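So the structure is just underneath, and the comments pick up after that.
The values are calculated or read from the model by the stated rules, or taken from the named source; none is laboratory data. Please read all numbers here as calculations on a predicted model, not as lab measurements. No Cβ is skipped: glycine too gets one built from the backbone with ideal geometry, and neighbour counts run over all protein chains shown. SASA here: full protein model, heavy atoms, side chains in, ligands and nucleic acids out. Shrake-Rupley method; radii C 1.70, N 1.55, O 1.52, S 1.80 Å.
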Protein chains: 2
Amino acid sequence: MPNNHFKRGELYSVINGMASTAVARRLQKNFRNAGLEITIEQWSILYHLWKEDCLSQQELCNRTFRDKPSITRLIDNLEKQAMVIRMPSKTDRRINLVCLTDAAKEIQNLTIDLANQTMSEALVGVKKEDIEIVKIVFQKVYDNLIL
Amino acid sequence: MPNNHFKRGELYSVINGMASTAVARRLQKNFRNAGLEITIEQWSILYHLWKEDCLSQQELCNRTFRDKPSITRLIDNLEKQAMVIRMPSKTDRRINLVCLTDAAKEIQNLTIDLANQTMSEALVGVKKEDIEIVKIVFQKVYDNLIL
DNA sequence: TTGAATTAGTTGCATAACTAACTATATGCC
DNA sequence: GGCATATAGTTAGTTATGCAACTAATTCAA
């Protein structure tokens, strides 16, 4: 039994029960209050497309740390809401390029402002250098488990 | 537009896409490989009951940062698998006390070992003091958003 | 003591996640 | 060229999550 047993268990439940839920739920609420009918999961797809448009579904899997079926359904739902369209790649017919519509471009600034505002609320009292440490720890965890 | 705009956006997607999924998915896989038919969400309930048995559903909500319907269904599924039973409180008939069965007690040591092992794999190369910082940051985030 | 407000838990509906099994296209080796 | 293998994406089935609306029991105050 490792000697740091309980600490790790505690960390585990913190990560699992709190990290994504508290921030995500608040951001979702802020979207709703602003009249935006979009989930944070859908927004996270748009967020990556705003950085670089017309990515393949596989590339979205890599960048959002989701598996392929999850991306398929998220794109399905975003397509229903006319936020993105699937464009068959001309060089590889297996690939769908996921491209933004004008509707998605219109909500970019508003939603990113809301996200920044939410992160500001969430990070009150947290030192900048500690945020950097959290990012580094998460990246290491991801590398340890996935690569 | 806040000047630390992109950093926070990045942190957001890291928290949302990676934190719970990578560790949780690995732990789930380790459970499955050990022949355990239990989800990590169900395990997180058992984890709190091993620390203190016969908690109310509301108390489990507080300790696992979940809402009431989530707890209701997790307990439903755990009850189907005969891991817990609902016992009506004698002092307040609105309350269900959720108590462990022998089957749950049997898997306690094995699953906690697997969880510690998974956290050890996940935290390779991460300094102990950085883990503490992550915990403190998450607690602050939670306090900022919920309280 | 009765009636409003609070608290504990459940149910219905929608979205999202993972696994496993599947189709279709592309690549690479003989 | 042709077959094995790899890659991109979809579908089906189960579990989990969030919200809103609901029932039942308790508390508290007029």
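Placing a label point 7 Å from the Cα of A:Glu52 along the Cα-to-Cβ direction, the distances to the matching points in the other copies come to 4.9 nm, shortest first. Within 10 Å of the Cβ of each residue in A:123-130, the mean number of Cβ atoms contributed by other protein chains is 5.
Counting Cβ atoms of other protein chains within 10 Å of each Cβ in B:106-119 and taking the mean gives 3. Once the 1.4 Å probe is applied to the protein heavy atoms, segment A:5-122 comes out at 49 Å² accessible per residue.
Please tell me which of these pairs span more than 25 angstrom C-alpha to C-alpha: A:Lys68/A:Lys127; B:Lys29/B:Lys140; A:Lys68/A:Lys140; B:Lys68/B:Lys90; A:Lys128/B:Lys51; A:Lys140/B:Lys140? Over 25 Å apart, Cα to Cα: A:Lys68/A:Lys127; B:Lys29/B:Lys140; A:Lys128/B:Lys51.
Ranked from shortest, the separations from the 7 Å Cα-to-Cβ label point of B:Leu110 to its equivalents in the other copies are 5.3 nm.
Taking every residue in A:45-57 and counting other chain Cβ atoms within 10 Å of its Cβ, the average works out to 1.
Ranking of B:Cys61, B:Cys54 by solvent-accessible surface, largest first: B:Cys54, B:Cys61 (1.4 Å probe, protein heavy atoms only, all chains present).
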